[in-house]
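**Student:** Below: one structure in C-alpha cells.
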Amino acid sequence: MTGLLITLGKILAVFTVTMLTVAYLTLLERKVCAYIQLRKGPNRVGPWGLFQPIADGLKFVFKEDFVPAGANRALHAVAPVLAMAPALTTCAVIPFGSTLPMFGGEVNMIIADLSIGVLFVFAIGSLSVYGLITGGWASNNKYALFGALRAGAQMISYEITLGLAIIPIIMATGSLRLSDIVAYQGAHPWFMIVQPLGFLLFVVASFAETNRLPFDIPEAEPELVAGYHTEYSSMKFAGFYMGEYAAMITAAALIVTLFCGGYHLPWLENLNFFKEHATLLGLLHIGTFLAKMGICLFGFIWVRWSLPRFRYDQLMKLGWKVLLPLGLINILIYGLFTLKDSI
Amino acid sequence: METVLFYLFAALTLASGLMVITRRNPVASALYLVLCFFGLAGIYVLMDAYFLAAIQIAVYAGAIMVLFLFVIMLLRLEPTELPSFMNSWSKRLYVAVTLVLGGVFLGLDLMRTVNTGADSALTGEAGAIADRLFNRYLLPFEVTALLLLVAIVGAVVMARRESPKPTASMEEV
Amino acid sequence: MFDYNHALILAFMLFTLGTAGVLLRRSALVVFMSIELMLNAVNLVLVVFSRLRGDLDGQVICFFIMAVAAAEAAVGLAIIIAFFKRKKHVDLDRASLLRS
C-alpha cells in the first residue's frame, strides 16, 4: 500500500514539476529571445515578468474556441491531447535522482524503472507524430495538412538517427534500463565525452524531433502560416504549445540521462560529507539533474534564436544522406573499439 | 488485478477492432487500429512479453500506422460508402471461413487440456530474445533484414514520381 | 492470472474481424488494415502459446512477423499510391488493371 502511495506521489511530483517547467519555459524563451535581440521581453506582469505564464494561461482560457468549417470535430479536439501525452508519458522512465531515505526505506527517484526503458522511450516517442498529423488533417486546411505531412516525414526520418545514435551506449552498458545507463556513467566517463559523434547526432535529431528551429519546418511561419496548428485557438492551441515544450523537456532529460551522466556530479558526490548524509546526497542528485536539464533547455532556446531555418529538401537531405550514414559509421567505429578491447 | 486488466485490454482491442472495419473514414479506421494495437501491447505486458510489447508500439503504432495515415492524407481519400451488406458470393465465403476457423479453434480448445495450468512464468526480456535471434535464428534474421532492404527499394521504385520524359517502354505499360 | 483460453478466444475474434474487413470492405486501405488486424491476432496466439510452453521461440516468430508486416506495409502502400495515381481511386471492386 505504501508502495502504491509513494508511486502516486512520485507521479504527482513529476507531473507538477514538468507542467510548471513548461509554463516557465515559455517565459524563459521570451526572455532569452528578448535579450538576444537586445530587448527587455515581458516585464509588465509581476517582477521580471514572473506572472506572465499565468496571464497567458488565463488569456488562453477566455479566448474563443474556434472549429473551422468542414473540420473533423472529434479529431480536432483529440489532437492536442495526442500531442501532449507522449512527452509526459516518457517522463515516467527517466531517473531524475538516486534514492532518498523516506518512510523508513530508500525510495528510488524514478517512477517506473523498466527493463526495456530505452525501447519504451522510443516506442512512446514515435507516437508524438500522431498529434501533429491528426491535428493537421482534422483542420481541413491545406496549410495545416502540409504542415502535418512535413511533420510526419521529418519525425519518421530523424527518429532513425535518434535510435542509431544511442546504440553504442547500449553496446557499452549492455542494458536497456535507463538507471543502469546512468549508473554506468557514474563509474565511467560520460558518454558525451566517449561518444562525441553519437552525442552530436542525438542532439541534432532531438531538435528535429521536437520541431524546434532550425528544424521547425512543420510550422514554418512564412510558408505555412503556422503549420499543423493554423486552425487552433484557445486551450486547444495551448495543448499543442505545451506539448511542444513538454517534448523539449523530455528531450533535454533524455540527453542528460543518456549522455551527460544523469544525476551524477563527478568528484563532489564522492566527498565524505555526503557519505554521512544520505538525504543531502539524494537532494544533490536531484538538484544536479535539474541543473543539467536547465542548461540543456537554455541550449535549445539559444539555438532557436541564433540559427536560420533549413529548407525542407535540405532537411531531408541532412537527415537521410548525412546523419543516417554518420550514425551507422558511429556504430561501426564503436564496434571496432569493443572488438579491439576484447582481443 | 491482472484479470481485470486483461478484460479491459481485451474489450479495448475488440471494440477498436470492430471500429476499424466499420468506419467510413479511413483516417478513423487507422486511428482505431492504433488503439487496437495498444490493447494488444497491454495484453503482451500482462504475459510478461515486455520486448514484444515495446516493439508492437514502436513498429506497428509508431511506424506502420504512421505510414498508413501518411498515405491516406497524401491521397486525400474521401470517406467510402459502407456496403449495405456483402454481395452474395463473399457473404457465403465469409460464413464458410468463419465456420472453418471456429471449428479449428474449438479443436484447439479441446486440445488445450494438455496445457491447462501449465503457466511457465516465462518473461520475454530483450536479452533473452536477442540471444535466440542471434544464435538459433541468425539466418532468418539476416534474411528478414534483406527482405526489408528489398521492400525499401521496391517501395521507392513503385511510388516514384514518374520521370518528366517517359521512355517508350513506360508508355506502353 | 487470467485464463489463457480467453486470450485465444480474443485472438480468434480479432482474426474473424480482420477476415470480415478483408471480405466486406472495398477500400484497399481498409482491407490492408484488416490484414494487419489478422496478423496481430496470429501474433497474440503465438505469444500465448509461447507463454504456455515456456519457450521464447513463439515471441521470436512474432518479431519476424512484425518485420515482415513492416516490409509488406511499405510495398503495399507504394502499390496503392501507384494505383491511385493511375486510377484516382482505391476501390478494389473497380480494380481491373490486371484483367485483360
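The values are calculated or read from the model by the stated rules, or taken from the named source; none is laboratory data. None of the values given here were measured: they were computed from a predicted structure. With ideal geometry, Cβ positions are generated from the backbone for all residues, glycine too; neighbour counts draw on all protein chains shown. Ligands, DNA and RNA are stripped out before the accessible areas are found, and what is left, the full protein with its side chains, is counted by its heavy atoms. Shrake-Rupley method; radii C 1.70, N 1.55, O 1.52, S 1.80 Å.
**Student:** Out of all the residues in the range A:1-57, which are open to solvent by 50 Å² or more (accessible area, probe 1.4 Å), of a type in the set (S, T, Y) and within 20 Å of A:A246 (Cβ to Cβ)?
**Tutor:** Listed by number, the residues that qualify are A:T16, A:Y24.
**Student:** A further question follows. Pick out the one residue from A:A183, A:A153, A:A87, A:A172 that is over 20 Å from A:G3 (Cβ atoms) and crowded, with 24+ Cβ neighbours inside 10 Å.
**Tutor:** On inspection, the qualifying residue turns out to be A:A87.
**Student:** Turning to a different aspect of this structure: Of all residues in the range A:86-100, which are closer than 17 Å to A:G287 by Cα and not in a loop (DSSP other than H, G, I, E, B)?
**Tutor:** Hits for the range A:86-100 are A:C91, A:T99, A:L100.
**Student:** Can you tell me which residue in the range C:73-97 is least open to solvent (accessible area, probe 1.4 Å), limited to those that are assigned to a helix (DSSP H, G or I) and over 14 Å from B:L75 (Cβ atoms)?
**Tutor:** Of everything passing the filter in the range C:73-97, C:A73 is least open to solvent (accessible area, probe 1.4 Å).
**Student:** Is there a residue in the range A:122-137 that is over 22 Å from the mean Cα position of the chain (by Cα), at negative phi, modelled with pLDDT under 85 and part of a helix (DSSP H, G or I)?
**Tutor:** Yes, the conditions are met somewhere in the range A:122-137.
**Student:** On the basis of being out of contact with any strand residue (DSSP E or B) (no Cβ under 6 Å at 6 or more places or on another chain), at the interface with chain B (Cβ under 9 Å from one of its Cβ atoms), open to solvent by less than 20 Å² (accessible area, probe 1.4 Å) and not small (G, A, S), does A:Y158 make the cut?
**Tutor:** The answer is no for A:Y158.
**Student:** Here's another thing I want to ask about it. From the set of residues in the range B:42-52 that are within 11 Å of chain A (Cβ to nearest Cβ) and open to solvent by less than 10 Å² (accessible area, probe 1.4 Å), which is farthest from A:R73 (Cα to Cα)? Before the answer, list the steps.
**Tutor:** From the range B:42-52, those within 11 Å of chain A (Cβ to nearest Cβ) are B:45, B:48-52; that's our starting set.
Filter once more, so that each one left must be open to solvent by less than 10 Å² (accessible area, probe 1.4 Å): B:49, B:52.
Working: B:A49: 37, B:L52: 34 Å.
This residue is B:A49.
**Student:** Next up: If you scan the range A:108-123, which residues turn out to be more than 7 Å from every other protein chain (Cβ to nearest Cβ) and surrounded by 19 or more Cβ atoms within 10 Å (Cβ to Cβ)?
**Tutor:** Within the range A:108-123, the first condition is being more than 7 Å from every other protein chain (Cβ to nearest Cβ), and the residues that meet it are A:108-114, A:117-118, A:121.
Listed by number, the residues that qualify are A:M109, A:I110, A:I111, A:L114, A:G117, A:V118, A:V121.
**Student:** Can you spot a residue in the range B:71-94 that is open to solvent by 10 Å² or more (accessible area, probe 1.4 Å), at pLDDT below 90, facing another protein chain (nearest Cβ under 7 Å) and within 19 Å of A:I124 (Cα to Cα)?
**Tutor:** Within the range B:71-94, not a single residue is open to solvent by 10 Å² or more (accessible area, probe 1.4 Å), at pLDDT below 90, facing another protein chain (nearest Cβ under 7 Å) and within 19 Å of A:I124 (Cα to Cα).
**Student:** Another question, then. Name every residue in the range A:128-150 that is open to solvent by 20 Å² or more (accessible area, probe 1.4 Å) and within 12 Å of chain B (Cβ to nearest Cβ), in order of residue number.
**Tutor:** Result: A:S128, A:W137, A:N140, A:K142, A:L145, A:F146, A:L149, A:R150.
**Student:** Being more than 27 Å from A:I249 (Cβ to Cβ) and buried (at least 17 other Cβ atoms within 10 Å of the Cβ) is the filter here, so list the residues in the range A:289-315 that pass it.
**Tutor:** Once the filter is applied, which keeps residues that are more than 27 Å from A:I249 (Cβ to Cβ) and buried (at least 17 other Cβ atoms within 10 Å of the Cβ), the range A:289-315 yields nothing.
**Student:** On to the next question. Anything in the range C:1-53 that is open to solvent by 30 Å² or more (accessible area, probe 1.4 Å), in a loop (DSSP other than H, G, I, E, B) and facing another protein chain (nearest Cβ under 7 Å)? List them, or say none.
**Tutor:** C:M1, C:R26
**Student:** Of the residues C:L39, C:L92, C:L24, which is in contact (Cβ under 8 Å) with a residue 40 or more places away in the chain and at negative phi?
**Tutor:** Values: C:L39 fails: in contact (Cβ under 8 Å) with a residue 40 or more places away in the chain; C:L24 fails: in contact (Cβ under 8 Å) with a residue 40 or more places away in the chain.
Exactly one of C:L39, C:L92, C:L24 is in contact (Cβ under 8 Å) with a residue 40 or more places away in the chain and at negative phi, namely C:L92.
**Student:** Might you check whether a residue that is farther than 26 Å from A:G282 by Cβ and within 15 Å of the chain's Cα centre (by Cα) occurs anywhere in the range A:145-153?
**Tutor:** No, there is no match, as no residue in the range A:145-153 is farther than 26 Å from A:G282 by Cβ and within 15 Å of the chain's Cα centre (by Cα).
**Student:** Sticking with this one: Just one of the numbered conditions (1) hydrophobic (A, V, I, L, M, F, W, C); (2) buried (at least 18 other Cβ atoms within 10 Å of the Cβ); (3) within 26 Å of B:A15 (Cβ to Cβ) is not true of C:L56; which one?
**Tutor:** Just one mismatch for C:L56, condition (3).
**Student:** While we're here: Applying the selection to the range C:46-65, what residues are without any contact (Cβ under 8 Å) to a residue 24 or more places away in the chain and under 22 Å from the mean Cα position of the chain (by Cα)? Explain how you work it out, then say what you get.
**Tutor:** Of the range C:46-65, the ones without any contact (Cβ under 8 Å) to a residue 24 or more places away in the chain are C:46-47, C:49-50, C:53-64.
Within the range C:46-65, C:L46, C:V47, C:F49, C:S50, C:D57, C:G58, C:Q59, C:V60, C:I61, C:C62, C:F63, C:F64 meet the criteria.
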